[in-house]
């Protein structure tokens, strides 16, 4: 027994020494760790300069789960574009992707040892988050790649971490859409919301209503399909938006007898049937998207009360068009409009999202499964939406809007914001000049979003392309702060600590951009 115990001790010491030798035989250096968002947990030894030891590994990779195949390919693509580093798939790879079902969706672990680096997740979302972290922390070496010997465990607090870009008021070449996907991937945003339609243009293709796409200002079916596949393979959720019943001049210009006039889509059976066909087509076009945005705000809804055909339609749906309170009537008609369009989305097994745009008085008429983007606390207060049972995405005007070049908030303001805070800008908001509103933590707040609107670009730039480039760079500066505060709902570091990583990672990311500055 004693001999056996001595043998075990000998083996333990021998293999421990062997492990140390193997570690020492690897080339190593100390490097800074720059990450956004900051992980929940990281463990490793630092020197007196707050640098971590990093070991050199061969640029070889494999996945033990075929469900991670797309993520592996995306990582290899980004490695070449960021670091000019080509990874080779190999049975004895030193970077290994592995499934661990105990981890929550979106969570991941990175575990380096003397032989390899194992990366664990339970789903594609988690493995993409892990690989985005790898792109932030690894460095190219002469014979492969340096990876810090730091164990990382991480997961997002918010399921909705988004960026929106208005593609309708100012034309964006297709390459920008690819750039936006890349920006979301690198900073672990989960959603790219694309505002495809507005008064200025209808930028989607359409077979069911071929006059809708604006001439020379719409994407082709092939481009949309390429975008859908590109985002899907990188784990980015696309949220396409057709903004109605307002913002609809392109509808009325193309099909006036169907959609009416006056800047709001008229309510009658034929217009709804057409819209249902259009949204069914949209759902099919964006086959991987689980969310579809249906608009719902800034519409001249009082016009419905002055349209006999619209009032007659309302009567057939149980809405009394003869009531004296025409403001309430118009809100009831809006609630019906939002509900009917949302039902098309539901029927296609997707979840509708709408802007905060209807009044508290009609909350009972609107399905609570519709997710509401609360942006101004003007049409309705966020606490009232939550009390009514709606789930909310924080799209606070201040500081989340970017209106190139006239309105943008400092990066620090975006960093200091959190998903439970709103600062309005509209003069008639009850919270104007009060410092805004902050609510208690609520599971009904799903996350937050950065939003880019570009209706002023043409008046401020001789060449609109220059404005689009500036918009992209303004977003790129602010995305890290949005990421930090939707991934970690509680602050985990100061702005001064954060901005160091932000500046380093901005330089690292820029080689990905397909359009030069």
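The values are calculated or read from the model by the stated rules, or taken from the named source; none is laboratory data. Remember, predicted model here, so these are calculated numbers, not experimental data. Using ideal geometry, Cβ is built from the backbone for each residue, glycine included, and neighbour counts are taken over all protein chains shown.
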Quiz item: Looking only at residues in segment 266-288 that are in contact with a strand residue (DSSP E or B) (Cβ under 9 Å, 6 or more places away or on another chain) and under 15 Å from residue 346 (Cβ atoms), which one is surrounded by the fewest Cβ atoms within 10 Å (Cβ to Cβ)?
Solution: 283
Quiz item: Would you call residue 126 buried (at least 23 other Cβ atoms within 10 Å of the Cβ) and either free of Cβ contacts under 8 Å to residues at least 12 places away in the same chain or not in a helix (DSSP H, G or I) (or both)?
Solution: no
Practice problem: For residues that are within 22 Å of the chain's Cα centre (by Cα) and part of a loop (DSSP other than H, G, I, E, B), scanning just segment 197-217, find the one that is farthest from residue 250 (Cα to Cα). | Solution: 204
Quiz item: Looking at this structure, is residue 205 out of contact with any strand residue (DSSP E or B) (no Cβ under 6 Å at 6 or more places or on another chain), modelled with pLDDT of 95 or more and surrounded by 23 or more Cβ atoms within 10 Å (Cβ to Cβ)?
Solution: no
Quiz item: Looking at (1) in contact (Cβ under 8 Å) with a residue 60 or more places away in the chain; (2) part of a loop (DSSP other than H, G, I, E, B); (3) under 24 Å from residue 67 (Cα atoms), which is the one condition that is false for residue 287?
Solution: (1)
Quiz item: Out of all the residues in segment 444-451, is one or more out of contact with any helix residue (DSSP H, G or I) (no Cβ under 8 Å at 6 or more places or on another chain), free of Cβ contacts under 8 Å to residues at least 24 places away in the same chain and in the same structural domain as residue 289 (by TED's automatic domain parsing)?
Solution: no
Quiz item: Checking residue 147 against (1) outside any strand (DSSP E or B); (2) in contact (Cβ under 8 Å) with a residue 24 or more places away in the chain, which single condition isn't satisfied?
Solution: (1)
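Within segment 321-340, track down each residue that is without any contact (Cβ under 8 Å) to a residue 24 or more places away in the chain and out of contact with any helix residue (DSSP H, G or I) (no Cβ under 8 Å at 6 or more places or on another chain).
Step one: filter segment 321-340 for residues without any contact (Cβ under 8 Å) to a residue 24 or more places away in the chain, giving 321-325.
Selection gives 322, 324, 325.
What are the residues in segment 100-123 that are part of a loop (DSSP other than H, G, I, E, B) and closer than 19 Å to residue 488 by Cα, if any?
Result: 103, 104, 105, 106, 107.
Do we have any residue at all in segment 427-436 that's modelled with pLDDT of 95 or more, surrounded by 14 or more Cβ atoms within 10 Å (Cβ to Cβ) and either more than 29 Å from residue 38 (Cβ to Cβ) or not assigned by TED's automatic domain parsing to the domain that holds residue 236 (or both)?
From segment 427-436, those modelled with pLDDT of 95 or more are none; that's our starting set.
No, there is no match, as no residue in segment 427-436 is modelled with pLDDT of 95 or more, surrounded by 14 or more Cβ atoms within 10 Å (Cβ to Cβ) and either more than 29 Å from residue 38 (Cβ to Cβ) or not assigned by TED's automatic domain parsing to the domain that holds residue 236 (or both).
Could you tell me whether residue 441 is touching a residue at least 24 places away in the same chain (Cβ under 8 Å), closer than 20 Å to residue 158 by Cβ and out of contact with any helix residue (DSSP H, G or I) (no Cβ under 8 Å at 6 or more places or on another chain)?
yes
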Exercise. Enumerate the pairs (first residue in segment 157-180 and closer than 22 Å to residue 486 by Cβ; second residue anywhere and part of a helix (DSSP H, G or I) and at pLDDT below 95) with beta-carbon separation below 9 Å, excluding pairs fewer than 6 apart on the same chain, so at least 6 apart or on different chains.
Key: 179/512
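Step by step: first the residues of segment 224-243, then only those that are in contact with a helix residue (DSSP H, G or I) (Cβ under 7 Å, 6 or more places away or on another chain) and in a strand (DSSP E or B), then the one that is nearest to residue 126 (Cα to Cα). Which residue is that? Show your work before the answer.
Looking only at segment 224-243, we keep the residues that are in contact with a helix residue (DSSP H, G or I) (Cβ under 7 Å, 6 or more places away or on another chain), and these are 224, 227, 230-231, 233-236, 238, 240, 242.
After this cut, where a residue has to be in a strand (DSSP E or B) as well, the list is 238, 240, 242.
On the way: 238: 17, 240: 23, 242: 30 Å.
Ranking the qualifying residues of segment 224-243, first place goes to 238.
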Quiz item: So which residues in segment 46-96 are exposed (fewer than 14 other Cβ atoms within 10 Å of the Cβ) and in a strand (DSSP E or B), if there are any at all?
Solution: 88, 89
Quiz item: Hey, residue 131 hits all of (1) in contact with a strand residue (DSSP E or B) (Cβ under 6 Å, 6 or more places away or on another chain); (2) touching a residue at least 40 places away in the same chain (Cβ under 8 Å); (3) crowded, with 21+ Cβ neighbours inside 10 Å but one; which does it fall short on?
Solution: (1)
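May I ask you to say which residue of 482, 473 is within 30 Å of residue 387 (Cβ to Cβ) and part of a helix (DSSP H, G or I)?
Details: 473 fails: within 30 Å of residue 387 (Cβ to Cβ).
Going through 482, 473 in turn, just one is within 30 Å of residue 387 (Cβ to Cβ) and part of a helix (DSSP H, G or I): 482.
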